[in-house]
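Worksheet for the structure shown next.
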Amino acid sequence: SIIKKNSREFGSVQSDIWFPKVEDELDLVDKTCIDFVGKLGNSYPGYDDEKYMSWCREVRSYPGSVKIDPPDVDYPADATETWNMLYTRLRDLHHKHACKEHREILKELEDLNIYSPLKIPQFSQVNKFISGKSKFKLVPVGGMINPRSFLYGLAYRVFFCTRYIRHKSVPFYTPEPDVVHEFMGHVPMFANEDFAQLNETIGKKSLGASDEVIEKLSKIYFYAVEFGVLGDSFLGSGYLGSSSEFQYVVDNKNLIRDWNLNEILESELVLSDYQPIYYKARDLLDLKRLIIEGTEQISGNL
Ligand code: TIH
Ligand code: FE2
């Protein structure tokens, strides 16, 4: 189905670095992804499972566009089984520990039968739901896309999103984003307008920004959205989709510190293991305020 185009345009932003001035130009961004298969070689989970690897290659290669939803993915039985097993484990953790905004939307998605342990959600249905709530939409990419392009998407309320699933042999933690991470971690919060604004704020500051500012924005995004904590409940999509890291952070509250921009900007991102430190805000509005202030500070507008 053709999806509604948003009316954002950023033609007045001045920079020598190319960036999309209107939403359609998001189709022209560099879609280069981290090559985890190349990096890990035969220790990549599923490396010897030829059927799985060729299925993943095909799903990854679909050229996504902001103009149209992709056709539904045909998930093999193995994939749905992995989803079912992880969904069942995660749902329990979510009920107990996820922040209330996330929990409420997950319930709504289940009531509408968009989410179920029995089938992996499809972009067509999810986009209809979240675009009706916050105008955010998912656009498919082949893996963990480079940070600049990823942030450019957020400025237009576009979330570049993967569609393959981790291999069944190593299900509880993966360094790579996949449908479990996206749908159990990220997607529900896009139905929340404050969260949408928080993401859009980070995205707008990235348009035509220097590499240095992109790196700082990526760190803010990472510690807020991927691994953030709200008071004593949990928001970060990085662990909300990983049953092992979710349990780990719940059991290790001593690792959670108050939000500290300077510390965050000095830290190195950990992409392939549990986080050594997590940062918390009081609640979602507090986090949004911290993001607005933080992003203004680093892009020199304060
Ligand atoms: N580690 C996460 C998981 O197992 O679901 C995946 C990712 C977190 C952050 C980026 S990808
Ligand atoms: Fe993510």
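The values are calculated or read from the model by the stated rules, or taken from the named source; none is laboratory data. Since we're looking at a predicted model, the values are computed, not measured. Positions of Cβ are backbone-derived with ideal geometry, glycine not excepted, and every protein chain shown enters the neighbour counts. Side chains are part of the model used for accessible areas, which takes the heavy atoms of the whole protein and leaves out ligands, DNA and RNA. Shrake-Rupley method; radii C 1.70, N 1.55, O 1.52, S 1.80 Å.
A few points about this structure:
- Karplus-derived 3J(HN,Hα), 6.51/-1.76/1.60, for each residue of segment 8-25, Hz, glycine and proline x: 5, 8, 10, x, 8, 6, 9, 6, 7, 8, 4, 8, x, 8, 9, 4, 4, 6
- Span from the segment 196-215 Cα centroid across to the segment 106-140 one, whole angstrom: 26 Å
- Anisotropy class of segment 103-232 from Cα gyration tensor, a/c 1.5 cut: prolate
- Kirkwood Rh in Å, taken over all unlike Cα pairs in segment 164-302: 15.4 Å
- Here is the list for segment 44-113: chymotrypsin sites (Phe, Trp or Tyr not before Pro) lying in DSSP coil, each with at most 16 other C-beta atoms within 10 angstrom of its C-beta, are TYR47.
- Among PHE10, LEU207, VAL179 the positive-end extreme of the charge dipole of the chain (Cβ point charges): PHE10
- Annotation: segment 9-73 has a Kirkwood hydrodynamic radius of 15.0 angstrom, from the mean reciprocal C-alpha pair distance.
- For segment 36-135, dividing the convex hull volume of the Cα atoms by the residue count gives 147 Å³ per residue.
- The portion of the accessible surface of segment 150-302 made up by carbon and sulfur, rounded to a whole percent, is 47 (1.4 Å probe; DNA, RNA and ligands excluded).
- Over the chain, the alpha carbon radius of gyration divided by the compact-protein estimate 2.2 N^0.38 Å works out to 0.94.
- Extent along principal axes [Cα atoms of segment 185-266; Å; largest to smallest]: 40, 31, 20
- For the pair segment 226-300 / segment 152-166, the C-alpha centres are spaced 20 Å from each other.
- Under a 5 Å amide H cut-off, with hydrogens placed 1.01 Å from N, MET144 pairs with ILE34 among residues at least 5 apart or on other chains.
- Dipole magnitude for the chain: computed about the Cα centre from +1 point charges on Lys and Arg Cβ and -1 point charges on Asp and Glu Cβ, it is near 620 debye.
- Å² per residue, accessible surface of the chain at 1.4 Å: 45 Å²
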